[in-house]
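See structure below.
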Amino acid sequence: MPLSTYRSRAAAVTAGCTLALVLGTAGAAGPAPVAAARAKYYTAAQVHSFLVKFYGQHGPSASDRINKVDAELRQKAAATKGQDVLLCARSAPRHIVVGKVTAEPSGMGWAPVTTRWKAGPDKHLTAYVGLKGSLPMKLYDVTCD
């Protein structure tokens with residue numbers, strides 16, 4: 001085979017590989033933004049696990065009260081004197097049980113939380129958690145039943 005033919009074929013193969021790489025990269029890059037645009041949401045099981053760890057047996061730790069609670073709820077808790085807003089109580093319970101989580105497409109999940117006491121009836125609250133997976137999971141609100 002003459003040298004000029006070899007060079008022409010080599011140039012064609014190189015051009016073809018370059019074109020394939022460029023098109024392949026463009027094709028691979030095309031769907032990525034679409035996939036990234038889809039929001040990932042936390043599952044009900046993940047929210048349940050978060051709440052069980054957050055509340056523990058006797059209430060959230062000082063660190064969790066700072067790092068795992070939304071800023072507005074932290075401010076509400078700080079402004080409320082004489083009651084623990086996160087527990088809907090004045091003291092630490094003997095035991096805490098987290099119920100079934102409801103996860104809504106709106107991006108919010110919630111679960112009933114039962115606090116058990118040495119004396120007196122059980123108390124109930126509802127804990128609300130944001131589900132958007134691109135954000136750290138946090139407690140957004142608590143309603144006392």
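Here are a few things to note about the model shown:
- Given charges at Cβ of Lys, Arg, Asp, Glu: the range 80-145 dipole, positive-most of V142, T80, S91: S91
- Here the gap between V97 and T43, fully extended at 0.36 nm per residue and compared with their Cα-Cα distance, gives a gain of 17.5 nm.
- Karplus-derived 3J(HN,Hα) values for the range 70-77, using 6.51 cos²θ - 1.76 cosθ + 1.60 with θ = phi - 60°, are 4, 4, 5, 5, 4, 5, 4, 5 Hz; glycine and proline are entered as x.
Every read-out reported here was derived from the displayed coordinates using simple, explicitly stated rules and does not represent laboratory data. Nothing here was measured: the structure is a model prediction, and the numbers come from that model. So basically every Cβ, Gly included, is an ideal-geometry build from the backbone, and we count neighbours across all protein chains shown.
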